[in-house]
1. Grab the other residues whose beta carbon is less than 12 angstrom from that of Leu194, score K and R as +1, D and E as -1, and report the net.
2. Whats the longest run of the chain with zero GluC sites (Glu not before Pro) that are DSSP loop and have at most 15 other Cβ atoms within 10 Å?
3. Looking at the chain, what % of its DSSP beta bridges pair antiparallel, to the nearest 5?
4. Among Lys176, Lys149, Lys81, which comes first, then next, by fewest other beta-carbon atoms within 10 Å?
5. Among the lysines, which fall within straight-line cross-link reach of Lys176, defined as a Cα-Cα distance under 17 Å, with same-chain neighbours fewer than 8 residues apart omitted?
6. On a C-alpha basis, how far is the centre of the stretch 203-241 from the centre of the stretch 110-132 in Å? Whole number, if you could?
7. How high is the relative contact order of the stretch 10-103, given as a whole-number percent (alpha carbon pairs under 8 Å, six or more residues apart)?
8. Among Trp229, Trp216, Trp97, rank each residue by its count of other Cβ atoms within 10 Å, from fewest to most, as a rough exposure measure.
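Taken together, the values in this text are just the output of simple stated rules run on the coordinates, not laboratory data. Quick caveat: nothing in here was measured; it's all calculated off a predicted structure. Here the Cβ positions follow ideal geometry from the backbone for every residue, glycine too, while neighbour counts run over all protein chains shown.
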Amino acid sequence: MQPDHAAIDRAFAPDDLKPLLAACGIASTVLVQAACSDADTNSMLVQARRHEWIGAVTAWVALEVPGVARARLDELATEPKLRGIRHLIHDEPDAHWILRPRVLEGLAILQDRALILELPCVFPRHLGDVPELAQRFPELTIVIDHLGKPPIGTPEMRRWETQIRLAAAAPNVAAKVSGLNTALAARDWDAGDLRPSVEVAFDCFGPERLMIGSDWPVSLLNGSYERVWVETSSAVAAVAGPDAGLVLGGTAARLYGLDEPSTEQGASSGTAD
C-alpha cells in the first residue's frame, strides 16, 4: 500500500459489501483472489460458506508447482463454490510468466478439472499471450479481468483494441467490464468515458462472453461502489441494448454456475483485485 491507496488501506468484510449489493439490486457476488496465498483462498471459502449471497470463489493455487497445485485442488475438491483460479501475473517481473513450461503444466490441471482461469492482464504486457494460451488449452475457459486495462483516452487504444480482438477470436476466452474507472486519471468520469472500451469489447466478445464487474474495493480509489455500478451498467445498456441483461448478470451466472441471474464480479475482502 502506498499513500495514494489510503481509501483501501484497511480490511474489508462481507458486512461492508452486503448493503452495497442490496442498494444496487445485486443478488449474488463472486469473490476473486487478491493474494497469492493459501490463506487468502481459505478466508474467501470460509466467507462463502457463511454467506449464501457469495455465489462463487476464484481462488489461488501454485500453478508453477504442478504437484502442489494438484494436491491443493484435491484438498479443495469438496468446496461447492470454487469456480476458478487466478495468479497475480501483473506482479510477476516476467511479463510472460503464464507461458512458463511448469505453469503450463499447472494450467493443464485446471483444464482437466473444468476450472476457470482468470487473468489480471495489464496492457501491454499480457494480452498478447492470451491467444496462445487459448489455443494450447481449448477446453479451458479463460476470463480476462478489467478488459486488460485499456489505456483509455490515449493513442495506445488502437493497439489495445488489436490485442483484445485477437484474444476474443478464441471461443474459450471471455472478459470482464471492470476496473475501468481506476484506469482513468479524471475524478469526474462517467459512462461516456467507459463507453469506447465497452463498444470494442461488446463487438468482439458479444454478450455471451462479456460480464460486468465491480473491482471492489479497489474501485474505491476512483469512485464509490454505487457510482461504478450505475455508470458501468449505463455504458453497457447503451451499447448492448436488449442484450444488456446478459452482460449485467446472465453471462457470469452461466460461467460461474450461480443460482441467481443478477451478479457482479469483485475483489476478495482485504486487498486488491
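1. Counting the neighbours of Leu194, the net charge comes to -2.
2. 157-273
3. That works out to approximately 0 percent antiparallel.
4. Lys81, Lys149, Lys176
5. Lys149
6. Cα centres, the stretch 203-241 to the stretch 110-132: 20 Å.
7. 27 percent
8. Ranking Trp229, Trp216, Trp97 by Cβ neighbours within 10 Å, fewest first, gives Trp97, Trp229, Trp216.
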